[in-house]
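Read the figures in this text as sums done on the coordinates, not as results from a lab. On a predicted model such as this, the values are computed, not experimentally measured, just so you know. Virtual Cβ from ideal backbone geometry, glycine too; neighbours counted across all protein chains shown.
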Amino acid sequence: MFPHLRITNYQLQVHGAGVRLDLYAALQAVINGLLTGALYALIGMGLALIFGVMRIVNFAHGAFMMLGMYATYVLFTRTGVSPYVLFMVAGILLFAAGYVIYFGLLRPIHGQSDFMQILLTLGIGLIATDGVLLVFGADYHQINFPLLGKNLHFGQHLNVNAPWVVSFVIAVVLALTLYLFVMRTMTGRAARAIAQNRYAAPLMGINVFRVQAISFALGVAAAGVAGGLLLPVFYIYPQVGDQFTLKAFVIVVLGGMESIVGAALAGLVLGVVESLTSLYWGNEWALAVDFVIFLLVLSLKPSGIFGRQRA
Amino acid sequence: MSLLEIDHVSKRFGGLRAINNIAFAIEENEIAFIVGPNGAGKTTLFNLITGVFHPDDGAIRFQGKDITHISPNHAARLGIGRTFQLVKPLRNLTVLENVMLGAFLHTSSASKAAEQAREVLKYLQMEKVMHFTASGLPIALLKRLEIARALATKPRLILLDEVVSGLSTSEALALAEILKKLPEWGVAAVGGVEHVMQVVMSIAHRVVVLDHGTQIAEGKPGEVVRMPAVIEAYLGAKYKELGL
Amino acid sequence: MKRSHLLAALVVFILSLLVPAVVQKDFVLQILFRIYLFAALGLAWNLVGGYAGQLSLGHSAYFGAGAYSLALFSGRLGVSPWIAALMGVAVALACALLIGGVSFRLRGPYFVLATIAFAEVLRLIAKNLPEVTGGDVGVQVPALFHGNVNRAFYWAAVGLTAVAFATTVAISRARFGYYLMAIREDEDTALSVGIGAAKNKLAALLISAVLTALAGALYGSLFLYIVPDQVLALDVSNEIAIVAMLGGAGTILGPVVGSVVLESAAELFKNFFKEAHLLIYGVLLVVVVLFLPEGIIGTLGALLRRRALLGGIKASARGVTGD
């Protein structure tokens, strides 16, 4: 069809442009990206929920993910139960933690400026990270369990790491659950009402503080659960959350600050973009590309790729 | 050449026509009032004049110069001062410092700015509260502070959005007495008010009536009040027929 | 600031210069160096974050620009160290123009995130271009001073703090300072009196960047070696912001007091818990936000004002009743 394009031996060649793409490598990268992207989506959705309902810029988000990882890790090393079960416990623990933090620390500064909220959550994140450092030490750990080394093969050229697939499936299920919660339940609807108009919401009989507490706790739990699911396939160390806080913000801005669906899609997109960047330019540039995209979106279309213009 | 010309200006927000083909002119040293219920478009009109928004159609001219697409700080530099309906004082600064900010438009010296600010505050009878922090003032004084700050920029035209709303009748009348003197200082004023009040009647040279973004009357206060369209808008069709 | 206060500041400055006559222990001088350096950094940040009210969490960009310019222009290109430090200032100004130009158009949290993103991009560039910047391994930094190094660097830090302090005093008294405060309190109001918000914010950032870059060059030169994760890290940005917030953003003394408190606390903490000194930063940050939102100096100032106001009211009441 196109005389300049030729596909031989699963390689795409564009004559004259000197481009050679290994199709299967690219496809593999896309698949890996989607797998990572599902976890990103979960983390991003949590942050979008928190920002949408409370306008809180949660700089501790990655730290909560890290706490979820450590919670799962401790339980795993103590009980030997699969992390794919334990992540739920981590989720519950972090939900409780989120609830307490909301009432103890965030509620008192309710009316204050963005500035102050950012600094407060930053402080919480620092305390969490260094608290964990004190207790567990700076060492990197990785867990070991039967499923770990297994790969699933698709044809000759594509393979997929089994633990990632399990994490992916669970993450997708959880993301859908979160979506349904926000869209269908009374609390979820109340949360959206507050997000749209925080002054009218209490007039509708909504208990704003309770809904905000639940939203924050859910957002934190989402991060914690993502951490639990990440544990099998990632190194665990106290500062692991830091990069995820930043990635979560990139995701949320990309997806439109308050849109849960946008965050989910943006998470997947980011995963794929990072994966392709790693393939063609090397791992080190993945985070940098994240930020460049972030800055471009902020400069050109602040409402996000998937977001709507806000008046 | 009029001081301010609104030349068939329209503005839409999404599907809503906030301002629909408005046209009038303000002369130098005039006091005019834009009258219309909340939502009639007064604040939008002020925002268009000062460049917070830009009109979809039409043009705005100030001293003959086209200002349809300027930015707010540029409008201030050209000599258009403005107060806000929901007062926006600089809360953590003192009254004097608030007004100095206006005075700084014409001088870079802090002492000169303070001097000029003091003069403005004297004119508005606010010397006693000069050193209080703005956040502690009652609404009547905050409204005066808005005016003081705008006056300190030595404008040729000052836009006063809902300047008497929230004030008791006596407070409003006291303010009106002060505003009446503005033309002596070379300042024309355009105020936005919700009701045709004693205030408007006693000091205005010209009145423009808006209803849902459309201009329904313009002229001297005495004339406008008798116009059937105005009576209908405010009191209903019944009264129009009664020929009040 | 009243004359008497300025005089007091001058006295403190002179006394600070005399400290090395009494204190000779190297590690004490290094701690004092750090306190003064972060006082200068806090004062520099304060212009943007305190007076103009723009929460920049990406000041490490300018800090690192200063350090890396010194290292690369001098170490790699053979330029004399002090010229290289000045070139670092130029680089920081260029960065500030770019960062400010993009970020100041954004409001609220978007602005903060943009400043972080820029700083992170710089860090990653430094990490990933080893041929240019030495990468993760780092790069050597030439010495700006020879001989009694710790004393010289200490004096330099005191000097930089004095410059930053004087700059802050000058700005706070001038129209520029008032304009910045207006922008902080309410940008729309500021526009309505003719203040060019973008222009003034950028000016504050440029001045801030110059001072921060000089501090970065000093820091790099003291340690003679820098890596990206040290001078371009988020931790640096955070520490600078915390110093100013703790002491009182928007006040003149605030960042100095904040640095004294924070750096001393960190030093003490380090003796008990070797690695987790960030914990104290987090705790102080939470304490400040919850209990001392105006910082130490800000809260003291508010208390004194309230006393004066009450005193004034009591006095005039007495006048009325003729006591």
Can you give me the distance in nm between label points at residue C:173 and residue B:27, each placed 7 Å from the Cα along the Cα-to-Cβ direction? 4.9 nm
Spacing of the two label points (7 Å from each Cα toward its C-beta) at residue B:185 and residue C:26, in nm: 6.8 nm
Computed FRET efficiency, Cβ-Cβ of residue A:204 and residue A:109, R0 22 Å: what is it to the nearest 0.05? 0.35
Per-residue HN-Hα couplings for region C:211-218, Karplus 6.51 cos²θ - 1.76 cosθ + 1.60 at θ = phi - 60°, whole Hz, x for Gly and Pro? 5, 5, 5, 4, 4, x, 5, 4
Comparing C:72, C:191, C:218 in a Gaussian network model of chain C (Cα, 10 Å), the one with the largest mean-square fluctuation is C:191
Using a Förster distance of 35 Å, how high is the FRET efficiency between residue B:127 and residue A:100, based on the Cβ-Cβ distance and rounded to 0.05? 0.10
Crossing angle, helix A:61-79 versus chain A [Cα axis fit, 0-90 degrees, rounded to tens]: 80 degrees
Efficiency by 1/(1 + (r/R0)^6): what FRET value for residue C:225 and residue C:12, r their Cβ-Cβ distance, R0 = 30 Å, to the nearest 0.05? 0.40
Under the definition of Cα pairs under 8 Å and six or more residues apart, what whole-number percent is the relative contact order of region A:5-300? 39 percent
Between helix A:260-281 and chain A: long-axis angle, C-alpha atoms, 0 to 90°, nearest 10: 40 degrees
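Counting partner chain Cβ atoms within 10 Å of every residue's Cβ in B:66-74, what's the average?
Numbers: counts 0, 0, 0, 0, 0, 4, 9, 10, 3.
Taking the mean over all residues of the peptide, I get 3.
How high is the relative contact order of chain C, in percent, counting Cα pairs under 8 Å that sit 6 or more residues apart?
Details: 493 pairs, mean separation 93.4, N = 323.
Rounded, it is 29 percent for chain C.
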Let me confirm one metric for peptide C:177-183, namely the mean number of other chain beta-carbon atoms within 10 Å of its residues' beta-carbons. 4
Give me the distance between the Cα centres of region A:216-275 and region B:56-85, rounded to whole Å. 46 Å
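When you count, for each residue, the other Cβ atoms within 10 Å and take the mean per peptide, how do B:44-51, B:137-144 rank with the highest first?
On the way: B:44-51: 23.6, B:137-144: 18.5.
My ranking of the peptides, most packed first, is B:44-51, B:137-144.
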Name the most mobile residue of C:138, C:282, C:53, meaning the one with the largest mean-square fluctuation, in a Gaussian network model of chain C with Cα contacts below 10 Å. C:282
Given +1 on the Cβ of Lys and Arg, -1 on the Cβ of Asp and Glu, and no further charges, what dipole in debye does the protein assembly as shown carry about its Cα centre, rounded to the nearest 20? 920 debye
With +1 on the Cβ of every Lys and Arg and -1 on the Cβ of every Asp and Glu, the dipole magnitude of region A:178-311 about its Cα centre, in debye rounded to the nearest 20, is 720 debye
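Counting only other chains, and only Cβ atoms inside 10 Å, what mean value do you get across the residues of C:110-121?
On the way: counts 7, 2, 8, 12, 6, 0, 6, 12, 3, 1, 7, 8.
What the average comes to for C:110-121 is 6.
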Under a plain spin-label model, where a point goes 7 Å from the Cα along Cα-to-Cβ, how far apart in nm are residue B:71 and residue A:180? 5.1 nm
Viscosity 1.002 mPa s, 20 °C: Kirkwood-radius Stokes-Einstein D of chain B over Cα pairs, µm²/s: 116 µm²/s
18 Å cut-off, amide nitrogen to a point 7 angstrom out along residue A:79 Cα→Cβ, residues in region A:146-181: A:146
Computed over chain B: longest principal axis from alpha-carbon atoms vs helix B:169-180 long axis, angle to nearest 10 degrees, is 80 degrees
Length released on extending from residue B:16 to residue B:139, taking residue separation times 0.36 nm less the Cα-Cα span: 41.1 nm
